[in-house]
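All remarks here apply to the structure that follows.
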Amino acid sequence: MKVFITRTRQWYQRNERPIASLSLIGGFVFDAVTLKRVDLLWENIWVGVHLVAVGVCILLINYWHDELADIRDSARIHFWLLTTSQFFFGGLLSVFLVFYFRSAELSVTWPFLLLLALAFIANERLKEYYAQLTFQIGLFFLSIFAFAIFIVPVFFHKIGTDIFLISGVISLVVIGVFLWFLGVFANAQFRHKKWVVLSLIVGIYATINILYFLNLIPPLPLALKDAGVYHGVTRDSSGNYVVEAEDVGWFGYFVPSSTFHKALEDAVYAYTAIFSPAAFNTDIIHVWQKYDDASGGWVTVTESSLLITGGREGGFRTYSFKRDIDAGRWRVNVETTSGQVIGRLRFKVVEVSKEPSVTDVTKK
């Protein structure tokens, strides 16, 4: 058995780089397919187990460094602890990337997604830094904070600045308790790096707060499930929404914006289906903006406040509309009341003399 373990370790060390690349891609694809909703019990138990496993690994890695460095087989045990820690960190960061990506408007929240992506890649590529306490704590605190940002709103059934601040406080309390345990189990390691570790935590906390107050963090647990610009929206006898959509052809599904052909007094309808957890009822805003060629920027024309109700798998369906709309470039930002962008509809209005051909599409 000992020979088998030794050979397995040697094989892993020889092939570590391709294994890391495959695990990075495979783990992300697996999570994207299997993880469904941020409010489901087992999804969050999965994240919680990973956080506990990472915390235990960090404690053992540093305890081993302080107390057991001179015992037999300590190098082998240290290697497998680092490898296990890397595995669970990879699972955590993959989950966060999947959840936040689903809730993101990339043109707005890309800085936060880039932060998570860099942490994800660093986890796979920078194993030599895993023995450093600062690297371990940095990734651990980022993971705790990223988890708190979406799990705390699920418990409180609302989203907003106060909930975000509570998430931050809980993250600081959790990491504070963990550092106390670290000081007990690995006092020498922690004592030498104490101020560097604390400075790193403050830096990560400040960075995430800055991103939040600049509205650059995706508004989890809300997520845009469906959206479109249509010539009409009604509800049928079964409670389904029926939209009047222009025929865009197959190519229209691969372009980021659409053309709305407006005739006479046509109104433009912005339809959205937004997922929120059960018992999570909140207001969202449709912000209608027109691009002003003179100033080179977007100008808000009107805003519509809409109430959404949580719990529906396909998202709560609602819409706003605007009449007497001018030709030109338009967009409808779907935002929270605090200004976080859930999604964005982009379209160009072109005036025509004849009503365009439309097709009724049922949104169930």
Segment 83-124: C-alpha gyration tensor shape, a/c 1.5 cut-off, then a/b vs b/c: oblate
Portion, in percent, of the accessible area of segment 156-195 that falls on carbon or sulfur, probe 1.4 Å: 74
Accessible area of segment 273-364 divided out per residue, in Å², using a probe of 1.4 angstrom: 50
Which listed pairs, of 225/363; 290/322; 158/322, have C-alpha distances above 18 Å, in listed order: 158/322
Of all accessible heavy-atom area on segment 232-364, the percent that carbon and sulfur account for (1.4 Å): 48
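The values are calculated or read from the model by the stated rules, or taken from the named source; none is laboratory data. Quick caveat: nothing in here was measured; it's all calculated off a predicted structure. For the accessible areas, the whole protein counts, side chains as well, though only heavy atoms, and no ligand, DNA or RNA atoms are used. Shrake-Rupley method; radii C 1.70, N 1.55, O 1.52, S 1.80 Å.
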